[in-house]
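K.L.:
Structure in structure tokens, see below.
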Amino acid sequence: MILLIDNYDSFSHNLARYFQELGCELEVVRNDAITVADIDPAKIQAIVISPGPCTPNESGVSLEVIRQFAGIIPIMGVCLGHQAIGQVFGATVTNALQVRHGKLSGVKHNGDRLFTNIPQQFVVTRYHSLVI
């Protein structure tokens with residue numbers, strides 16, 4: 001099962017839908033509705049930490065989950081979740097010099113298996129005001 005920690009962001013619903021479309025068993029919990037003690041590593045294949053409106057310091061249980069389970073359970077962070085992972089491992093999260101809300105950007109990937117069945121070049125929409 002995949003555990004999705006929802007940091008009160010509407011994109012969490014999109015992530016949940018994508019994982020379900022892939023046939024993944026998923027549990028979605030809000031960042032203030034679970035504790036580290038509630039997470040059984042024997043039952044969790046991966047943890048996804050969602051985007052959210054604040055900084056990693058206001059992401060509920062997210063930082064504690066990363067500290068406790070990094071290296072034990074695979075963890076993926078999206079936006080705020082990515083920033084939280086970076087912060088736990090010593091990165092500094094600061095305000096971006098230029099806020100990017102709704103900015104379209106081209107992406108060209110290197111063909112890594114992570115991008116299987118994704119065109120080598122595509123356009124993404126960026127929404128962020130913090131950077132690592």
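K.L.:
Once amide H atoms are built 1.01 Å from N in the peptide plane, which residues 5 or more positions from residue 127, or in another chain, come under 5 Å H to H?
P.N.:
For residue 127, the qualifying residues are 102.
K.L.:
With an 8 Å cut-off on Cα pairs and a minimum separation of 6 or more residues, tell me the relative contact order of the chain in percent.
P.N.:
21
K.L.:
Cut-off 16 Å, label point 7 angstrom out along Cα-to-Cβ of residue 67: give me the residues of the stretch 1-29 whose amide nitrogen falls inside.
P.N.:
none
K.L.:
Still on this structure, please answer the following. As an exercise, use a Förster radius of 30 Å and the Cβ-Cβ distance of residue 43 and residue 127 to find the FRET efficiency, rounded to the nearest 0.05.
P.N.:
The pair residue 43/residue 127 has a calculated efficiency of 0.40.
K.L.:
Exposure proxy check: 13, 128, 101 ranked by fewest other beta carbons within 10 Å?
P.N.:
101, 13, 128
K.L.:
For the stretch 65-82 and the stretch 12-51, compute the distance between their C-alpha centroids and round to whole Å.
P.N.:
Each part reduced to its Cα centre gives a spacing of 11 Å.
K.L.:
Packing-wise, with mean Cβ within 10 Å as the measure, how do 33-41, 79-87 rank, highest first?
P.N.:
Sorting 33-41, 79-87 by mean packing, highest first, produces 79-87, 33-41.
K.L.:
Let me ask another. Taking Cα extents along the principal axes in Å straight from the coordinates, which label in (1) 54, 33, 23; (2) 41, 34, 26; (3) 57, 42, 27 is the correct one?
P.N.:
(2)
Here, each number is a calculation from the coordinates, and none is a lab measurement. A quick note: this is a predicted structure, and the numbers were derived from the prediction, not measured. When we count neighbours, we look across all protein chains shown, and the Cβ atoms used for this are built from the backbone with ideal geometry, even at glycine.
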